[in-house]
Amino acid sequence: IGIEVPVVIGRSYLDRNFITSTAKGNGDINELIALLPGVQLSNDAFSIESLAEISAPEISISGAQPWQTGFSIDGMNYNNRIDPASATRVTATSNDVSGGVQSMNVNSDIVESITVYDHNIPAEFGGFSGGIVDAKTKSAFAKDSFSFGVRGNQSSWGEYHFLKADEESGQRNIDDEALEAPEFKKISYSLSANKQLNERHGLMVSVNYLTSDISDFSLGQPKTQSRRNINALVKYGYKNGWVDQLDISLMYAPYEVDNFIVDTKDSNFHLEGGAVGGVISLTENLSFATWHSNLNVNLSDNSRES
């Protein structure tokens, strides 16, 4: 299984076989996109602390800033309009509201294909100055199926080896007390169902719930941070009737964080973010052309209470 040969220069296409066969961490599509040439993850994505995080890692396409990439799912743009560069500094200040690059995390379970453009980008896309990530959700007319899955990871399942500089090398030596492996427990639940009601009607439901609890010390006392993320999709399909193809999708993707600033008294804070959206897509094949219309609306909200 590999990346399909691009039809045009500047485009990479990941089909469902690739998505299913590739190893995953949190299951976000950014993990798959990062495997492509010309796409780079942020430095924070490789830090040991990131093992406990569940938000989508930031990506850079062709050297652009992460927030210069355009993100689209079924034609709906889900770039964050609220301070997209603030995510990395939220735990360092007492009054920042976390924005992030994307208004929601998209789980690969709901995606049929991903197309990534780094140049030669079609004119239908806008609102970017880097690359484009265009994801398509699964069809409501897929083969009848039902699945439930549980995945997880925790700190006790791994071993950590700290590499310290030699004192004779002249480099600053790291205090042993600063070398603490993260303690966390992360669990992901997924539920998916497809049902073709008859020749013209189909329905697909997919829900993913991801949670992570992280233990830390603050002012000499053990404290726990927590993150929760939901990714839900309900999709109705209609075909070969008064119109050739009609798809109606409803997406729900909230994100919550209960956190604190380390070694700071009364620093607990609660973050809420994410988005809800809906897409209506209509396709009609005429004798001389194909007519395709897309109507979408989405609402994203970020808040901080502390």
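The values are calculated or read from the model by the stated rules, or taken from the named source; none is laboratory data. Just so we're clear, the structure is a prediction, and the values are computed from it rather than from any experiment. Cβ sites come from the backbone with ideal geometry, for glycine too, and all protein chains shown count toward neighbours. SASA here: full protein model, heavy atoms, side chains in, ligands and nucleic acids out. Shrake-Rupley method; radii C 1.70, N 1.55, O 1.52, S 1.80 Å.
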Kindly sort PHE146, PHE217, PHE125 by accessible area of their heavy atoms, largest first, with the probe set to 1.4 Å. PHE146, PHE217, PHE125
Please work out how much length the chain gains when fully extended from SER303 to THR283, using 0.36 nm per residue of separation minus the C-alpha to C-alpha distance, in nm with one decimal. 3.4 nm
Please report the antiparallel percentage of DSSP beta bridges with both residues in the stretch 17-167, rounded to the nearest 5. 75 percent
How far apart, in nm, are the 7 Å Cα→Cβ label points at SER94 and ARG16? 5.3 nm
Anchor LYS265: lysines whose Cα lies under 16 Å away (excluding residues fewer than 8 positions away in-chain): LYS223
Taking 45 Å as R0, compute the FRET efficiency from the Cβ-Cβ separation of SER293 and SER47 and round it to 0.05. 0.55
Need one number: nm distance between label points at HIS270 and GLN65, each 7 Å from Cα along Cα→Cβ, rounded to one decimal. 3.2 nm
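Using a/c under 1.5 as the rounded threshold, could you call the stretch 93-158 rounded, prolate or oblate? The axes a ≥ b ≥ c are square roots of the C-alpha gyration tensor eigenvalues, and prolate needs a/b larger than b/c, oblate otherwise.
oblate
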Report ³J(HN,Hα) in whole Hz for each residue of the stretch 189-196, in order, from the Karplus equation J = 6.51 cos²θ - 1.76 cosθ + 1.60 where θ = phi - 60°; Gly and Pro get x. 10, 9, 9, 9, 8, 10, 8, 8
Please sort 131-138, 192-199 by packing, taking for each peptide the average over its residues of neighbouring beta carbons within 10 angstrom, highest first. 131-138, 192-199
Any chance you could look up the accessible area of GLU112 with a 1.4 Å probe, heavy atoms only, rounded to 10 Å²? 80 Å²
Reachable lysines from LYS136, Cα under 19 Å, same-chain residues fewer than 8 places away excluded? LYS24, LYS195, LYS235, LYS239
